[in-house]
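S.K.: One structure follows; several queries about it will come next.
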Amino acid sequence: MSQTSSTESSIEYVMNKKLGAIAMLLSATGMGLVGTFSRGTTAGLADADKSVIGSFLAFGRMTVGLLGFILILLLTKKIGLFRRTRLSTTVILGGVSIGLSLGCYISSTLMTSLSNAVFLIYTGPLFCTLLACIFRKEKIGLLSGIFLSLVFVGMLLTIGIVSFDHGSLTFGLNLSASSPEFPNKGLGDLLGLLSGVFYGLAMFFYGYRKDVDSVVRGVWNFFWAAAATLAMSIILRPWHGVSSFTSTNWMWAVALFVVCGLFALGFLVVAGRNLPAVEYSTISYWECPVAILCSLFFWGEPLTPTGAVGGVLIVGGGLAPIILDAVTRRSRASKA
């Protein structure tokens, strides 16, 4: 996958890669806990309510994140900088995209296995790289093309477009697919894929305007994400499920808003400013093992053979570029 170097400003910002790597690791850990917190929040709700509740929970995450970053803006005395910073279309679209991505992702974690949901959102780097290739004219080398193909095939296997049934290879997407644990599994997988598409769009837009301060961008990111998820909630109307919340449901919801909202997404903005696209995308895959461990130990959801193969291809195709990049750099350094 190609690195992001484009910017809409002549100001040259020097990335702090160590800070970016730590921020991305913390963010991915918080994101990996989304499914567990979401299931605690919706315990006891009807399946019909779970299919639309993601929009409301995402709105809560973004609103708490917005309030937190406004507080940080005040404490760091960057109000003047906030006023002077030019708002651009890419900043707006980055916030809208991450909001829609997380709205779809939360519903996906409630309707399909956590492993499927997390594998599918991490098709995002595939879409990010394709967008960078089309709009920023960033070239995709042979090896990068192979890795992208692995991610693509992994996505087909995970969502069930390609599957093995009674020893034969079958093709096609069955939206009515279900299981005793997940009556709406097919729709849940589709929402997982949509979350990956929107996540890729967010990563693509985060590649612009690296001149914007992390705190300032965080405020705008959460503002537009909250606006997008509010619009999503108005359309999907998750109010019946929300009105059924008990005190325990609300406790889980608050934990989700803080840990997976302010904490995880705040560090995501910092990482986006301080890491190239390849490293940003790759470290984010730490969310996958976090979610899978939660799936295995907290929810008793073993990986299916097809899902395991698809997950390995997605994660392997995402991790390979950064590993090769690191090896190449060390080789060059030793020669020098």
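S.K.: Is it possible to state the helix-based mean residue ellipticity at 222 nm for the chain, with each DSSP H run of 4+ residues giving -39500 (n - 2.57), the sum divided by total residues, to the nearest 500 deg cm²/dmol? What is it?
M.R.: Working: 16 runs with 241 residues, N = 336.
Rounded to the nearest 500, it is -23500 deg cm²/dmol.
S.K.: Any chance you could run the full-extension gain for Leu142 through Val312? It's 0.36 nm times the residue separation minus the Cα-Cα distance, nm to one decimal. It would help to have the intermediate numbers written out before the result.
M.R.: Working: separation 170, 0.36 × 170 = 61.20 nm, distance 2.03 nm.
Result for the pair: 59.2 nm of gain on full extension.
S.K.: List the extent of the Cα atoms of the chain along each of their three principal axes, largest first, rounded to whole Å.
M.R.: 55, 47, 32
S.K.: Further question on the same structure: Give me Met62, Met24 ranked fewest to most by other Cβ atoms within 10 Å of their Cβ, as a rough exposure proxy.
M.R.: Taking fewest neighbouring Cβ atoms as first place, the list is Met24, Met62.
S.K.: Still on this structure, I have one more. Multiply the residue separation of Phe298 and Leu74 by 0.36 nm, subtract the distance between their alpha-carbon atoms, and state the gained length in nm to one decimal. Present the calculation step by step, with values, prior to reporting the outcome.
M.R.: Working: separation 224, 0.36 × 224 = 80.64 nm, distance 3.91 nm.
That works out to 76.7 nm of additional length.
S.K.: May I ask you to list the lysines whose Cα is less than 17 Å away from that of Lys50, ignoring any residue fewer than eight positions away on the same chain?
M.R.: Here the lysines satisfying the reach criterion relative to Lys50 are Lys185.
S.K.: Applying a 10 Å radius around every beta-carbon, put 193-205, 209-221 in order of their mean neighbour count, most first.
M.R.: Highest mean packing first, the order is 193-205, 209-221.
S.K.: For the residues Val14, Val259, what sequence is obtained by ranking on other C-beta atoms within 10 Å, fewest first?
M.R.: On the way: Val14 7, Val259 18.
Final ranking by Cβ density, sparse to dense: Val14, Val259.
S.K.: Right, something else. Measuring from label point to label point, each 7 Å out along Cα→Cβ, what is the Glu181 to Ser334 span in nm?
M.R.: 4.4 nm
S.K.: Just going by the charge dipole of segment 17-335, with Lys and Arg at +1 and Asp and Glu at -1 on Cβ, which of Leu150, Leu110, Leu190 is farthest out on the positive end?
M.R.: Going by the charge dipole, the pick is Leu150.
S.K.: Could you go through segment 182-188 in sequence order and give the Karplus-derived ³J(HN,Hα) for each residue, using 6.51 cos²θ - 1.76 cosθ + 1.60 with θ = phi - 60°, rounded to whole Hz, and x for Gly and Pro?
M.R.: Working through the residues one at a time gives 10, x, 10, 4, x, 5, x Hz.
S.K.: Give the dimensionless ratio obtained when the Cα radius of gyration of segment 42-154 is divided by 2.2 N^0.38 Å.
M.R.: 1.39
Read the figures in this text as sums done on the coordinates, not as results from a lab. Computed from a prediction, not measured in an experiment: that's the story for all the values here. Here Cβ is always computed from backbone atoms with ideal geometry, including for glycine, and neighbour counts include all displayed protein chains.
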